[in-house]
1. Residue pairs, Cβ under 9 Å, 6 or more apart or interchain, first in segment 82-93 and touching a residue at least 40 places away in the same chain (Cβ under 8 Å), second of a type in the set (A, V, I, L, M) and not in a helix (DSSP H, G or I). List them.
2. Restrict the check to segment 12-24 and report whether at least one residue is surrounded by 15 or more Cβ atoms within 10 Å (Cβ to Cβ), of a type in the set (D, E, K, R), over 24 Å from V142 (Cα atoms) and modelled with pLDDT of 75 or more.
3. Do we find a residue being surrounded by 15 or more Cβ atoms within 10 Å (Cβ to Cβ), among the aromatic types (F, W, Y), assigned to a loop (DSSP other than H, G, I, E, B) and modelled with pLDDT of 75 or more anywhere in segment 44-64?
4. Is there any pair linking a residue in segment 149-168 that is under 14 Å from A29 (Cβ atoms) to one that is at pLDDT below 90 and in a loop (DSSP other than H, G, I, E, B), with Cβ under 7 Å and at least six apart or on different chains, and which?
5. Residue check: is V121 among the β-branched types (V, I, T) and at pLDDT 80 or above?
6. Kindly list, by first and then second residue, each pair from a residue in segment 22-35 that is over 12 Å from A51 (Cα atoms) to a residue that is surrounded by 15 or more Cβ atoms within 10 Å (Cβ to Cβ), limited to pairs with Cβ atoms under 6 Å and residues at least 6 apart or on different chains.
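The values are calculated or read from the model by the stated rules, or taken from the named source; none is laboratory data. Everything numeric here is computed off the predicted structure, so don't read it as measured data. Cβ placement follows ideal geometry from the backbone for every residue including glycine, while neighbour counts extend to all protein chains displayed.
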Amino acid sequence: MSEITLVLQAIGRGESKASEDLLPLVYDALRRLAGARMAHEAAGQTLQPTALVHEAWLQLVSAGERSWQNRAHFFGAAADAMRRILIDKARRKSRLKRGAGQARLDIDDLELAQTTPDDNVLLINEALEKLEREDPEQARVVVLKFFGGLNNQEVAENMGLSLRTVERQWACAKGRLFRWVRAQH
């Protein structure tokens, strides 16, 4: 077992110092995930990767769920936290624009691992919520790739799936998301 998994188990047992031990072990990986995601953000972005990591960390340790089963479960929760932060940020910006027109997406532009404007992030999130209800595994692949910044190999390792399964799930999820987003226009 990795040191991270041992510390996660200690957190699950309620050992008070374990949360303090976890951050130094996962910080660099969380920073890389946030950096990969934020590197593609639009110019003028005010949220920096370090701030995204810190906000996600605060959500993780204050959310009550402290029984992560393993490294993959923890990083999945971290990707979810980053997703919620980015979606909330996009919603705030969208409200400030008072519903300014949302751009039409072309299938070639729907490379979810790359940055999209805030309005498109909101559209994709709505479609992702629908996908989560219909196919949680595909939704998990999208969250890890889009919000977690992971590549297919990393997603496969984190989810315990074969690379081919992740590629298949990703292709199917992209098609479904595109259809749902397009139908909203």
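1. L86/L47; K89/L47
2. Yes; the residues of segment 12-24 include at least one that is surrounded by 15 or more Cβ atoms within 10 Å (Cβ to Cβ), of a type in the set (D, E, K, R), over 24 Å from V142 (Cα atoms) and modelled with pLDDT of 75 or more.
3. Scanning segment 44-64, I find no residue that is surrounded by 15 or more Cβ atoms within 10 Å (Cβ to Cβ), among the aromatic types (F, W, Y), assigned to a loop (DSSP other than H, G, I, E, B) and modelled with pLDDT of 75 or more, so the answer is no.
4. Cβ pairs passing all conditions: N158/L150.
5. Details: among the β-branched types (V, I, T): yes; at pLDDT 80 or above: no.
For V121, the condition - among the β-branched types (V, I, T) and at pLDDT 80 or above - is not met.
6. Close Cβ pairs satisfying both conditions: L22/V7; L25/I4; L33/G148; L33/G149.
Residues checked against (1) in contact with a Phe, Trp or Tyr (Cβ under 8 Å, 6 or more places away or on another chain); (2) over 16 Å from H73 (Cα atoms); (3) surrounded by 22 or more Cβ atoms within 10 Å (Cβ to Cβ):
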{"residue": "A139", "(1), (2), (3)": "no, no, no"}
{"residue": "N151", "(1), (2), (3)": "no, yes, no"}
{"residue": "S162", "(1), (2), (3)": "no, yes, no"}
{"residue": "V166", "(1), (2), (3)": "no, yes, yes"}
